[in-house]
Structures are given as C-alpha cells and as structure tokens.
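Asker: Let me begin by handing over the structure; questions about it come next.
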Amino acid sequence: MKYLFKSILLFLLLFSVSNILSSCYSNNSTLLLATTTSTENSGLLDVLVPIFEEESGIHIKVIAVGSGAALRMGSRGDVDVLLVHSEDAEKLFMGKGFGFDRHSVMYNDFILVGPVEDPAGIDGIDDVIEALDKIAQSGSKFISRGDASGTHVREKLLWSYTKIQSPLDKDWYIESGQGMGATLTITKETGSYTLSDRATWLAMMNGDLLPLLMEGDAEMLNRYHVITVNPELHRAVNINGAKQFRDFLLKPSIQKLIGEYGIKKYGQSLFTPNAEIELR
Amino acid sequence: MNLLLEAVQEAWSLISSGDREIFDITFRTLLFAGTSTIISLIIGLPLGIGLALMHFPGRSWLVSLSNAGTGMPPVVAGLVVSILLWRSGPLGSLGLIYSPLAIIIAQVVIATPLIIAITVAAVMSLNPIIHLQIRAMGANQIQYIFLIAREARLPLLVAVMAGFGAVVSEVGASLMVGGNLSGETRVLTTAAVLEVSKGRFGTALAYGLILIFFVIIIAAILTSLQQRSQRK
C-alpha cells in the first residue's frame, strides 16, 4: 500500500515536471485560435484542425468563445489568430490596429427557428424585420444569446430596425447568456423563437421540434473572417503560425473541403467558402 | 423520460465498449485532481498544523480567512488564475494558460483553503494532553508536527478526500483556465458541459455517471473512515 502510494506520488511529480518543460518548449509551435462557439459546435474545426496540425507541425489550441470575447482576447494579444463573424466589431478591431490582416473565409446564413405551432405566424415571410415585428406583436417568447457573440450582435442590429427597436424591457424576451447549442436547446424546451446560425442548428438536428421558419433575407448573411493578431502590439503573438493558419484556410483545397463539410451528414453544406474576396 | 432512458443506454454502451476518449478523459481528470490534491496537502497540512498550534497576533483572523476560503467559488478561483496566466497578465510569459498545469494551479487554489481549515479543526480537536505527552518524550519541532499529524490522521484523511472531491467535480475553473482542449485539458466535467451544449445528452450523461461513480467511492471511503474512528 505504501509502495503504491509512493509510486503514484512519483508518477504525478514526473508528470508535472514534464508538463512544465513541454510548455516552455512549445511557445513557437503552438497556436492559440479564438473562435466562435458556432464553428466548434458545428464540428467543422474537428475536421480542419487535425489536417493543419499534420501539414504544418504546429499544434493548435482552440478556445471556443463568443466573437465579442474572441476579439477582446485578440486585442490583448492573448491569442494569435481569430475566426469570427461580427462584422462591425471586426472593422473596429482592425481600425484600432489590433489586427494584422483580415480575410473572408466562408459564409452561411442566420435563420429564425421556433415552435412547430408558430404562434407568431412567421412561416413563409421573407422579410426578417417583418418576422421580428410579428414575434413582438404576438408576445411569443424569444431567446437571445445575450453574450456579445456575433449572432447576438446581429440579432440586436435586426431588432433595432423593428417597430419596438429594442426588446430588452419586454418580458417575453429572455437572454440565455450561453452558446448557440445551449440556446437552441433552451429555445426548443420553452417553445420559443430564436435567431441561429444555420450550421449549429443543422448540427444539433433540432428540426423535428424546432423547425426552420424563416430564411433567405439578405440581412441574414453570416460572414466568417480570419484575423491575424498584430504582433507589433504584443511580443508573444505567434504571427508566423497565425499566417500559416490564415493561408491554410484560404487555399483552394481547404476551401473545397469547407464547402463540402456537412453534405454527407446533413444533406446540405453548412458553410459556403468565399476566400477570393479580399478585405482589409 | 424517454430521453433519460435513451441517454442512460447510450452512456452504458459508451462505458462498456471501453470508448478510448472516455477512458482518456477519466484518466486525465483523476491525474489533475490527484496532483492538485497532493500539492494542496504539501502546502495546507503544515500551514494548518501551524495555525492550530501556534499563537501569534492575527491568528484567529487567518483561521477565519481559511474557513471562508472553503467556500471559494471555483469560478472566482478560475478567473483570478486566468487573469494572472493570460499572456497579457503578470505571469503570461510562462505560457501556462490553457495547459494542464493551469488547471492544477486553479485546483490548488480551490483545495488548499479547504485542507487548511479541516486540518486546523482536526488538530485543535485533539486531546490537549497529547501535546504534553509528545513534549515529555523529548521530540524536536519536526518530530512534534509529524506526531501531531499522525495522531490526527483520520480527520486529515477527511481533508484529503474533501479536497479531492471539490476539485474533481468543479467545472468553472477548469473550463476557464484549461479551455476544454480536446486531448489536453478536457476533463469529465468540462466534457459533459460541451456535450450538453451540443445537445448530445447521452454522451454527457456517460461522463456524469463516471463522475458520480468516483464521488460515491470517495463518500464510501469517508464513511468507513468515520466509522473506524468512532469505534476507536
């Protein structure tokens, strides 16, 4: 018994030491990627990351947070590269010089989903503002992400065009404060409406109980950009790794892979690649 | 109800099929919690015994501080450790954030006050005559502390189990400082949270069942120790 305890102790000690050593060596060969919960919950990164790691020999640590938190981490230099979808916040980020460069990677679209009974009657409407007005009029419950993510920012923007402009003080408007996957589950369980990105909704396979009710408005386009963090502001930023990851996402073979992702499993692709459009 | 049954079935088939990932995550969870408990003991035991035996100004203040620390919310511990370890933080250059060591540090912050507080209570509840006896035997300072710890070993084991139980089941700190990285810092609790967010409740429940299994084992050991000490 005593020997067993001692050997466990020794093992743990060796483990800790080896960990300290490895984390000292790994600085240049690891890359911190902050991204949105939607890219992680959809499973796309589970496909892309292993390919990149094998090609480049760089180890990626994926931190899945909302786009707002990802951009803030980038501005502090806590991460090397961002994959986000929050256009206005991204432009602000670039304008302040926090980013090195920014490129389009892919897009999909936001959709309105809700209960099968559709008490607000938004099924078949093709103007998203009209649909939100109807939800407000009917007083049906609406679940907001409430977490400063890209989806949340877009949702607030869309509400600002409606007659009520802000639903914040309404008792049918509820903030979940969680990622897209958890928010979809809450929406389904409470018979509410929500704005979701198509990829997460498809990957969650909520279709039976939480059908897609409204899609196709140009206001609902959801663009993802890769942003490399400006190394001039933060010495620790692994800019070489960040550039390699950027080039990886933009190259034709990976763009093709992004476009095909999901077809086998969900019968449609979750993202449309659009790397050729240059942005600053 | 249907979902619960399906989830239990899925959980059982994952566990019984010896799913590699579940095994890895379980092993990692026990490794982190075990390491941090041992480190917390190395820090907390001498401090606790010292606090219980020594008399100096501010002692009662320190004791109540460690008592308050037993209620340390893991999220707060995680946030403080994150702020320290982020690259923009004071210890950022060590590059420890989102590493196993970061989780262990956060867990030590959670478990150490618990171990100090229980140690203080255990040592203070010893019969005061024991101190005279040890002194009479001519023990030096180190032997003295060692013998006191020996005398209070059963309540101290409670401290070990309580510390281990606290860190093995917390989720907030591990998520924040570890980043829930697959194959590196994903532990049972953070894996369960992720699976729930993906809507895969069966897999989440599988992690939950393994966790409950360990908590029951800890509770069983604690109970049998208590009964042993009562018989004495």
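The values are calculated or read from the model by the stated rules, or taken from the named source; none is laboratory data. Since the model is a prediction, treat every value here as computed from it, not as a measurement. For neighbour counting, all protein chains shown are included, and Cβ atoms are generated from backbone atoms with ideal geometry for every residue, glycine included.
Asker: Can you tell me which condition B:Ile105 does not meet? The list is (1) farther than 18 Å from B:Asn180 by Cα; (2) assigned to a helix (DSSP H, G or I), and all the others hold.
Answerer: Single failed check for B:Ile105: (1).
Asker: Still on this model: Restricting the first residue to the range A:17-45 and requiring it to be under 21 Å from B:Glu195 (Cβ atoms), which pairs with a second residue that is among the aromatic types (Phe, Trp, Tyr) and at pLDDT 80 or above meet a Cβ separation below 6 Å and a spacing of at least six or different chains?
Answerer: Listed pairs, sorted by first residue: A:Leu44/A:Tyr261.
Asker: For the range A:152-166, which residues satisfy the criterion of being part of a loop (DSSP other than H, G, I, E, B) and either out of contact with any Leu (no Cβ under 7 Å at 6 or more places or on another chain) or loosely packed, with under 12 Cβ neighbours inside 10 Å (or both)?
Answerer: Start the filter on the range A:152-166 by keeping residues that are part of a loop (DSSP other than H, G, I, E, B), which leaves A:161-166.
Passing the criteria: A:Tyr161, A:Lys163, A:Ile164, A:Gln165, A:Ser166.
Asker: In addition: Would you list the strands (runs of 3 or more DSSP E) that sit entirely within the range A:193-262 and hold 1 or more residues that are within 14 Å of chain B (Cβ to nearest Cβ), surrounded by 19 or more Cβ atoms within 10 Å (Cβ to Cβ) and of a type in the set (Gly, Ala, Ser)?
Answerer: Working: elements: A:194-197, A:212-214, A:221-229.
The qualifying strands (runs of 3 or more DSSP E) are A:194-197.
Asker: Still on this model: Give the residues of the range B:153-200 that are free of Cβ contacts under 8 Å to residues at least 12 places away in the same chain and of a type outside the set (A, V, I, L, M, F, W, C), sorted by residue number. I'd like the intermediate steps shown before the answer.
Answerer: Kept after step one, since they are free of Cβ contacts under 8 Å to residues at least 12 places away in the same chain, are these residues of the range B:153-200: B:153, B:182, B:196-200.
The answer is B:Arg153, B:Ser182, B:Ser197, B:Lys198, B:Gly199, B:Arg200.
Asker: Which of the helices (runs of 4 or more DSSP H) found entirely inside the range A:21-87 contain at least 3 residues meeting this: within 9 Å of chain B (Cβ to nearest Cβ) and either buried (at least 23 other Cβ atoms within 10 Å of the Cβ) or modelled with pLDDT under 95 (or both)?
Answerer: Working: elements: A:37-41, A:44-56, A:67-75.
Helices (runs of 4 or more DSSP H) meeting the threshold: A:37-41.
Asker: Looking at the range B:166-206 only, could you name the residues that are touching a strand residue (DSSP E or B) at 6+ places or on another chain (Cβ under 6 Å) and surrounded by 21 or more Cβ atoms within 10 Å (Cβ to Cβ)?
Answerer: B:Gly179
Asker: Looking only at the range A:98-113, which residues are more than 14 Å from every other protein chain (Cβ to nearest Cβ) and closer than 23 Å to B:Ile83 by Cα?
Answerer: Of the residues in the range A:98-113, the ones more than 14 Å from every other protein chain (Cβ to nearest Cβ) are A:99-112.
Once the filter is applied, which keeps residues that are more than 14 Å from every other protein chain (Cβ to nearest Cβ) and closer than 23 Å to B:Ile83 by Cα, the range A:98-113 yields only A:Gly99.
Asker: Hey, another quick one. When you look at B:Gly18, is it surrounded by 12 or more Cβ atoms within 10 Å (Cβ to Cβ) and without any contact (Cβ under 8 Å) to a residue 60 or more places away in the chain, yes or no?
Answerer: On the way: surrounded by 12 or more Cβ atoms within 10 Å (Cβ to Cβ): no; without any contact (Cβ under 8 Å) to a residue 60 or more places away in the chain: yes.
Criteria not met by B:Gly18.
Asker: Related question: Restricting to the range B:82-99, and then to whatever is surrounded by fewer than 23 Cβ atoms within 10 Å (Cβ to Cβ) and not in a loop (DSSP other than H, G, I, E, B), can you tell me which residue is farthest from the other protein chains (Cβ to nearest Cβ)?
Answerer: Checked the range B:82-99; the qualifying residue farthest from the other protein chains (Cβ to nearest Cβ) is B:Leu84.
Asker: With respect to B:Ala139, is the statement that it is in contact with a Leu (Cβ under 9 Å, 6 or more places away or on another chain), surrounded by fewer than 21 Cβ atoms within 10 Å (Cβ to Cβ) and assigned to a loop (DSSP other than H, G, I, E, B) true? Show your work before the answer.
Answerer: Details: in contact with a Leu (Cβ under 9 Å, 6 or more places away or on another chain): yes; surrounded by fewer than 21 Cβ atoms within 10 Å (Cβ to Cβ): yes; assigned to a loop (DSSP other than H, G, I, E, B): yes.
Considered against the rule, which asks whether it is in contact with a Leu (Cβ under 9 Å, 6 or more places away or on another chain), surrounded by fewer than 21 Cβ atoms within 10 Å (Cβ to Cβ) and assigned to a loop (DSSP other than H, G, I, E, B), B:Ala139 comes out as yes.
Asker: For the range B:22-34, does any single residue satisfy the condition of being surrounded by 15 or more Cβ atoms within 10 Å (Cβ to Cβ), closer than 30 Å to B:Val120 by Cα and modelled with pLDDT under 90?
Answerer: Within the range B:22-34, not a single residue is surrounded by 15 or more Cβ atoms within 10 Å (Cβ to Cβ), closer than 30 Å to B:Val120 by Cα and modelled with pLDDT under 90.
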